[in-house]
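Remarks on the structure that follows.
The values are calculated or read from the model by the stated rules, or taken from the named source; none is laboratory data. All figures in this text were calculated on a predicted structure; none of them were measured in a lab. Using ideal geometry, Cβ is built from the backbone for each residue, glycine included, and neighbour counts are taken over all protein chains shown. Each accessible area value is taken on the protein alone, full model and side chains, heavy atoms only, with ligands, DNA and RNA left out. Shrake-Rupley method; radii C 1.70, N 1.55, O 1.52, S 1.80 Å.
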Amino acid sequence: MSSKFFLTTPIYYVNDVPHIGHYYTTVAADVLARWHRLKGDDVFLLTGTDENSQKNVEAAAKRGYDETRIQEYLDEMAANWRQTWDKLGISYDGFIRTTEDRHKAGVAQFWKAVAAKGDIYQGEYSGLYCPGCEAFVRESDLVDGKCPIHKKEPQVIKEKNYFFRLSAYREQLLKHIDEHPEFIQPTSRRNEVRSYIDKFMEDISITRESVKWGIPVPGDEANVIYVWFDALINYLTGVGYGSNEQEYRKRWPAQLHLVGKDIIKFHCALWPAMLLSAGVPLPERVFAHGFFTIDGVKMSKSLGNVVDPLAVSEKYGRDVVRFFLLREITFGEDGDFSFARLEQRYNSDLGNDLGNLLHRVLSMTEKYFDGKVPEAAQCAEAPVDQAKTWERYEAAMSKLDFGDALDAIWEDLRWDNKHIDEVKPWTLAKTDRAELAKVMYYLLEHLRQTAWLLRPFVPEISEKILLQLGVAEAEGKKSLEEAKVWGGLPIGGTIAKGEPLFPRREDKQ
Ligand code: MSP
């Protein structure tokens, strides 16, 4: 049954170009979007740029754009982000920039709804502000007087601000979290957010008097709206809230917000409270993934170890990097991006387990059957239980357990390689042609099935496998349900063995 699947990435600050950490969230979203499209769902993947942040204004100044040219800087950077996703093959359906008129209109509408509810009041605020977090921080969170994330002393700020009655939503939020265990995932994050809401959540200031760049408060233009209050609303304005009512009604609520663990509180406390206040339905699920280091070290400009997703994809291949990110780092947990591990996985998982298998099977098909898919007496019977693999894969995908979905595929690939060594087709070629045909049909058909399983993760590799099996065009016309039926590889079809998919890296250099 097809259903709607609206998912989002965070919108990214444009104080710099994308790095591999931003790419990670975006790739995960892309894999899910491709998976749901394959299932026939009505998918909308929204991404975009968070442009009303002081970080961006400072970056513009540093690069020599004066106050009159901030928008110019933002335009250039937003184009850069968008082009990066295009070059990397990210299949987004919508791209929202928070300096667009449609966003500003939606934010004004949202503000008015919250104000009409009586949830905005004016007050004097004095507190510690960390520009890195774009958030007020508590004294008790500081380590040696510094923000533990950004390692900088927060600014002391005293301003007249508008406040949002966040604390009024404590009970409602706790109830929602308790009644909807799927709302915040993984569980460890749910517990963290729950305890924050329960014990620490206070009203927050949602305007900045001293800041000039941003969306003005409706009716009080001297104040600009706090960047997080503005940014979160992108999830609505990106699908038409405030500009295209019909589209908005069709898309909202989101089925999934994908975020990094650093911004979970904004998404699971502030955002749902804002929505409750404005009378807008809540998103169904927020999933927070972990952070990774690079070769064991935190990624940072000053250390010079920031990985550029374009450069690494150019070097290894887009799909290789996609595969590596989702296979190597357990989604939801912290991990490490290591070039040595990337090389290892390239050679072993991709080169040996998958690439060699395809090459071996196609070579044998050429040798023993003239490059034609052999007729097998019992081709309906698979030694590997393909239905079970699909079941495990689908369950893993719905839990965003990408590692397990890939494991399910790889266990079968390894089984195939072992199977070849055990049944020795080269001996069967002399002793039992019928059995040989059966073995070869199974292997070829299993590669066809594998190409489908791989499609959301590594679309180009998947296509290459189907091309070499000689069925790319025919498979392109199938629905997932049709493709999953065992025995879909037509007997007598001609294969088109090509270059090995993963030439050994040493050979390349
Ligand atoms: N603009 C806000 C989000 C607003 S959403 C309404 C923001 N932007 S960001 O540019 O800093 O991007 C943050 C996201 O990038 C994180 O949530 C995470 O998804 C991703 N990552 C950044 N560094 C990362 C790692 N080192 N590892 C994994 N993901 C990382 O926050």
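Structure summary
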{"read-out": "Candidates S338, S348, S398, filtered to the one that is within 26 Å of the chain's Cα centre (by Cα), of a type in the set (S, T, N, Q), surrounded by 15 or more Cβ atoms within 10 Å (Cβ to Cβ) and closer than 30 Å to N417 by Cα", "value": "S338"}
{"read-out": "Output for segment 213-246, where each listed residue is within 14 Å of the ligand (Cβ to nearest atom) and open to solvent by 40 Å² or more (accessible area, probe 1.4 Å)", "value": "none"}
{"read-out": "Filter result (in a strand (DSSP E or B), surrounded by 13 or more Cβ atoms within 10 Å (Cβ to Cβ) and more than 16 Å from the ligand (Cβ to nearest atom)) within segment 137-154", "value": "K146"}
{"read-out": "Meets criteria (under 20 Å from T84 (Cα atoms) and away from the ligand (no atom under 16 Å from the Cβ)) for V312", "value": "no"}
{"read-out": "Enumeration of residues in segment 142-168 that are without any contact (Cβ under 8 Å) to a residue 12 or more places away in the chain and within 29 Å of the chain's Cα centre (by Cα)", "value": "P148, K151"}
{"read-out": "Test for G355: is it in a helix (DSSP H, G or I), over 14 Å from G21 (Cα atoms) and among the small types (G, A, S)", "value": "yes"}
{"read-out": "Checklist (1) over 20 Å from F369 (Cβ atoms); (2) among the aliphatic types (A, V, I, L, M); (3) at pLDDT below 95 applied to L453, failing item", "value": "(3)"}
{"read-out": "Residue tally, condition in a helix (DSSP H, G or I) and buried (at least 22 other Cβ atoms within 10 Å of the Cβ), over segment 29-56", "value": "8"}
{"read-out": "Close pairs from segment 47-72: first over 25 Å from T237 (Cα atoms), partner within 12 Å of the ligand (Cβ to nearest atom) and open to solvent by 10 Å² or more (accessible area, probe 1.4 Å), Cβ under 6 Å, at least 6 apart", "value": "A59/N15"}
{"read-out": "Residues (in contact (Cβ under 8 Å) with a residue 40 or more places away in the chain, within 16 Å of the ligand (Cβ to nearest atom) and of a type in the set (S, T, Y)) located in segment 275-309", "value": "T293"}
{"read-out": "Test: residue in segment 249-263 that is modelled with pLDDT under 95 and in contact with a Leu (Cβ under 7 Å, 6 or more places away or on another chain)", "value": "no"}
{"read-out": "Strands (runs of 3 or more DSSP E) wholly inside segment 247-328 that include at least 2 residues being buried (at least 20 other Cβ atoms within 10 Å of the Cβ)", "value": "256-260, 286-289"}
{"read-out": "Number of the condition not met by G487 [criteria: (1) within 27 Å of the chain's Cα centre (by Cα); (2) on the phi > 0 side of the Ramachandran plot]", "value": "(1)"}
{"read-out": "Top-ranked residue of segment 1-28 - restricted to ones that are more than 10 Å from the ligand (Cβ to nearest atom) and more than 15 Å from R251 (Cα to Cα), ranked as most open to solvent (accessible area, probe 1.4 Å)", "value": "M1"}
